Amino acid sequence: MDSKNARLKRDIDSLFSLEVVVEKIYIPHEVCRFPSVAFRLLDYPTILIDHVEPELASKIRRKVSSDPYYELPKQINELTDKHGNFELKKGKSCLLKLPFNTMQTHLSNTPMYVMIIDSYPQVPKLLGNTTVPLDEVIKDIAEDIRRVGDTVPSVHGDKGLFKVFNLMGKEIGYIILGYRLMCLGSGLIPHIPEREIAKRQSESIQEHSQQIEERHSRTISCTNEK
């Protein structure tokens, strides 16, 4: 592939798919009834993976708050195995849009942040966090694009055990998860509804500012007309 064309293509928006699958969590000395895992890449919205479905969690909370003698369902005790592991085996994915060069630069310096949360309290409690580096993944994707171009989807990922640390930096356990990053190029973007693609916080702020400026301009225009 011509290097100049490759550079030009890397400067336009590409579509990415990020997938995270959580296998298990082990935090033996932490009180955690309804574990959830949140992952966040750059300044895109945080994605939450719940072990207990939100509807069931809300129902149990209401029961407990209305009846102090209410016994938690036996299934709650079965959320962990005999070794104390929370077996989630659940995952989520999201679509992201960013020029490849920009994504590569960011992921070469910034990991994906993963947080473990107890969703049982009315206000969820952050128990610990870890980081997952994606620099090797984006490097492998870049090599694929260099060889065959960005019209052919490229996907790379890995699976591993990551130590979890509390807010004081003390190790409290580990999480086992797998992740995949897929680059789909730019061709699919016009065919994907805008609402299906996650927006960066900076984009949302910029759009909000533009809307305020437009409303302000219309207000001034109407005032002048009067």
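No other residue among D135, D158, D118 is farther than 20 Å from V37 by Cβ and assigned by TED's automatic domain parsing to the domain that holds C32 apart from D135. Based on this model, can you work out whether A38 counts as over 21 Å from T130 (Cα atoms) and among the small types (G, A, S)? It is false that A38 is over 21 Å from T130 (Cα atoms) and among the small types (G, A, S).
Conditions tested, residue by residue: (1) over 24 Å from Y174 (Cα atoms); (2) in contact with a Phe, Trp or Tyr (Cβ under 9 Å, 6 or more places away or on another chain); (3) surrounded by 15 or more Cβ atoms within 10 Å (Cβ to Cβ).
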residue: L18; (1), (2), (3): no, yes, yes
residue: K24; (1), (2), (3): no, yes, yes
residue: E30; (1), (2), (3): no, no, yes
residue: V64; (1), (2), (3): yes, yes, no
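Considered as a group, the residues in segment 99-135 that are more than 16 Å from H156 (Cα to Cα), more than 15 Å from the chain's Cα centre (by Cα) and buried (at least 18 other Cβ atoms within 10 Å of the Cβ) include one that is modelled with the lowest pLDDT, and that residue is Y120.
Residues that are touching a residue at least 12 places away in the same chain (Cβ under 8 Å) and β-branched (V, I, T) were ranked within segment 94-121; the one that is farthest from S186 (Cα to Cα) is I117.
Residues satisfying the criterion are absent from segment 150-162 (criterion: surrounded by fewer than 12 Cβ atoms within 10 Å (Cβ to Cβ) and over 20 Å from E87 (Cβ atoms)). Out of I141, I172, one residue alone is surrounded by 15 or more Cβ atoms within 10 Å (Cβ to Cβ) and either aromatic (F, W, Y) or more than 16 Å from L96 (Cα to Cα) (or both). It is I172. Among residues of segment 154-183 that are at pLDDT below 95, those with a beta-carbon under 8 Å from a residue that is assigned to a strand (DSSP E or B) and surrounded by 12 or more Cβ atoms within 10 Å (Cβ to Cβ) at least six positions away or on a different chain give the pairs L167/L126; L167/G128.
The values are calculated or read from the model by the stated rules, or taken from the named source; none is laboratory data. All of these numbers come straight from a predicted model, not from anything done at the bench. Note that we place each Cβ from the backbone using ideal geometry, even for glycine, and neighbour counts take in every protein chain shown.
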